[in-house]
Amino acid sequence: MSSLADIPSEARCKQLMYELVTKQKHHECGKRIAWKYGRDYGWCRVCRTKIRPKAATWLRGSNLSYRQLFFLLSAWQQRQSPGSVRMALGVSYPTIQRWYARFREHLPSDGGEMLSGIVAVDEAWFGKQRHSKRARQTIVMGGIEIDTRRLRLQIIPDTEQDSIELFLQTWVTRDSHLITDAHASYNGVEWLGYSREAYNHSAGHFGMSNHIECIWSAMNRPLRKVFGCIPTQHLDSFLREWEARHNQRELFESPLAYLKATVVTD
């Protein structure tokens with residue numbers, strides 16, 4: 001679903017949601033459900049039962065139509081700006097931002113598996129300029145597997161050796177080969193069981209460390225597109241979303257793929 005024209009009709013969106021939640025195409029009595037435009041529920045003509053697919057999910061209480069929800073979800077998956085979504089749907093900026101946040105909030109866990117093999121690691125600063133007198137930047141450390149592109153991101157208090165080694169021991173297996181910059185805080189990682197290959201970024205040497213450097217620029221662009229700045233107030237949720245975009249790419253293939261993982265209970 002790449003545009004508003006690709007989103008199914010309201011009735012079809014209701015039907016798809018019902019099939020996801022109940023895992024059946026028809027009502028319990030075996031009869032077809034009437035999904036009429038203008039109603040927020042389906043109607044069984046035989047047993048006269050009203051059916052609201054959202055009622056049993058975290059979408060309950062939403063005033064948006066099913067088609068609007070599908071479009072908002074598709075727009076978030078494709079990192080569309082609130083401005084373009086507002087023009088297409090006619091909903092307010094706060095509504096769009098609130099639903100984008102809800103989509104991030106309900107992302108399922110990927111299991112927390114550690115990175116291994118060849119792993120590029122680096123730190124980045126989010127917020128105001130690092131050398132400003134009123135700087136309130138947040139430091140994020142990340143690691144990415146070169147082969148699989150699996151990603152781990154975490155906010156750290158500083159770039160001291162203890163903080164960096166704690167991240168490595170939490171998210172990177174000890175027999176891994178690290179690709180780092182020339183920061184002195186990495187000097188003791190061999191003692192912990194890692195092998196290391198360092199590149200001096202100040203001298204213009206990047207090598208395979210470009211893999212993690214590209215993550216920071218790729219994160220900044222959509223954040224500026226959506227918010228007009230780099231927000232740090234809810235940075236944890238953005239980091240979780242970015243991890244999911246790398247580690248659980250199937251969730252972003254279509255609205256149905258995301259909804260199947262978040263509203264369906266076994």
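The values are calculated or read from the model by the stated rules, or taken from the named source; none is laboratory data. All of these numbers come straight from a predicted model, not from anything done at the bench. Methodologically, a virtual Cβ is constructed for each residue, glycine included, from the backbone with ideal geometry; neighbour enumeration extends over all protein chains shown. Protein only, heavy atoms only, side chains kept; ligands, DNA and RNA dropped before computing areas. Shrake-Rupley method; radii C 1.70, N 1.55, O 1.52, S 1.80 Å.
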Lys/Arg +1, Asp/Glu -1 at C-beta; region 1-140 dipole; positive extreme among Ala55, Leu72, Leu20
Ala55
With charges only on Cβ, +1 for K and R and -1 for D and E, what is the dipole size of region 50-146 about its Cα centre, in debye, rounded to 20?
840
As a test question: what accessible area, to the nearest 10 Å², does Ser254 have when a 1.4 Å probe is rolled over all protein chains in place?
30
I'd like to know which of Gly111, Asn200, Tyr93 lies farthest towards the positive end of the charge dipole of the chain, counting +1 on Cβ of Lys and Arg and -1 on Cβ of Asp and Glu.
Tyr93
Those chymotrypsin sites (Phe, Trp or Tyr not before Pro) from region 1-84 that are DSSP loop and have at most 13 other Cβ neighbours within 10 Å turn out to be Tyr37, Trp58
Here, GluC sites (Glu not before Pro) of region 142-183 satisfying both criteria (DSSP loop; at most 13 other Cβ within 10 Å) are Glu160
Run the 1.4 Å probe and let me know the accessible area of Ser84, rounded to the nearest 10 Å².
50
About the Cα centre of the chain, what is the dipole size in debye to 20, counting +1 per Lys and Arg Cβ and -1 per Asp and Glu Cβ, all else neutral?
2360
Starting from 0 in steps of 5 Å, tell me what percent of the Cα-Cα pairs of the chain lands in each bin.
1, 5, 11, 14, 14, 13, 10, 9, 7, 6, 4, 2, 2, 1, 0, 0
Dipole size in debye (nearest 20) for region 1-81 around its Cα centre, Lys and Arg Cβ +1, Asp and Glu Cβ -1?
360
Listed residue pairs exceeding 26 Å between alpha carbons, taken from Lys31/Lys54; Lys23/Lys50; Lys225/Lys260:
Lys225/Lys260
